[in-house]
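**Student:** Have a look at this one before I ask anything.
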Amino acid sequence: MRLISAIFTAALLIATASSHAQEVKRTPLPKGHPLIGTWRIEVPSTNCFELYTVKQDGTTSVSSGEQQAESEFELAFKPSPQGFYKWVDRITKDNGKKDCMGEIMTVGHVATNYISVHRTGKMFLMCEKEDINTCIGPFKLQEGI
């Protein structure tokens, strides 16, 4: 598993297609979707972690360092034939404070990523494209949160 720490920032994800003009159609998820829950990732080369809470209503909350952000997303209900869920995410709120990498997010920023869920359902990788060599992670499910 390859960590791409140089481009790692909270809620920005790994932007393969980034635009302030791109529309995101919020996608409520079916009950039991494998990405619903709270996920934690340790940020490489820092003493910091991020929490992503993926909600059934098509929104996400992120905390990273001092940053608190919210987004809305389009997320595939099922993985592609290659085994990845396409996730398009747009930042809708941000408190203007720095994340674990010292960055400040921009409201309206859109990022497209691909998610590979581990067979246990308790971890996932976030990828730039449908290629396991472009991923960061693991994001680990935080049970009971």
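**Student:** Determine which member of the set G65, G83 is of a type outside the set (A, V, I, L, M, F, W, C), at pLDDT 95 or above and crowded, with 18+ Cβ neighbours inside 10 Å.
**Tutor:** Answer to the selection: G65.
**Student:** Applying the selection to the stretch 64-84, what residues are touching a Cys at 6+ places or on another chain (Cβ under 8 Å), more than 23 Å from S45 (Cβ to Cβ) and assigned to a strand (DSSP E or B)?
**Tutor:** Scanning the stretch 64-84 gives no hits.
**Student:** So, one more: Assuming P44 fulfils every condition listed in (1) farther than 16 Å from K140 by Cβ; (2) surrounded by 14 or more Cβ atoms within 10 Å (Cβ to Cβ); (3) touching a residue at least 12 places away in the same chain (Cβ under 8 Å) apart from one, which condition is it?
**Tutor:** Of (1) farther than 16 Å from K140 by Cβ; (2) surrounded by 14 or more Cβ atoms within 10 Å (Cβ to Cβ); (3) touching a residue at least 12 places away in the same chain (Cβ under 8 Å), only one is false for P44: (1).
**Student:** Are any residues in the stretch 85-128 assigned to a loop (DSSP other than H, G, I, E, B), in contact (Cβ under 8 Å) with a residue 40 or more places away in the chain and of a type in the set (S, T, N, Q), and if so, which ones?
**Tutor:** T106 - this is the single residue of the stretch 85-128 that is assigned to a loop (DSSP other than H, G, I, E, B), in contact (Cβ under 8 Å) with a residue 40 or more places away in the chain and of a type in the set (S, T, N, Q).
**Student:** While we're here: Could you list all residues from the stretch 38-63 that are outside any strand (DSSP E or B) and under 15 Å from M101 (Cβ atoms)?
**Tutor:** Those that are outside any strand (DSSP E or B) and under 15 Å from M101 (Cβ atoms): P44, S45, T46, N47.
**Student:** Quick check on the stretch 96-114. Is at least one of its residues surrounded by fewer than 22 Cβ atoms within 10 Å (Cβ to Cβ), touching a Cys at 6+ places or on another chain (Cβ under 9 Å) and at pLDDT 95 or above?
**Tutor:** The answer is no, given that none of the residues of the stretch 96-114 is surrounded by fewer than 22 Cβ atoms within 10 Å (Cβ to Cβ), touching a Cys at 6+ places or on another chain (Cβ under 9 Å) and at pLDDT 95 or above.
The values are calculated or read from the model by the stated rules, or taken from the named source; none is laboratory data. Keep in mind that this is a model prediction, so the values were computed, not measured. Reconstructed Cβ throughout: ideal geometry from the backbone, glycine too, with neighbour counts over all protein chains shown.
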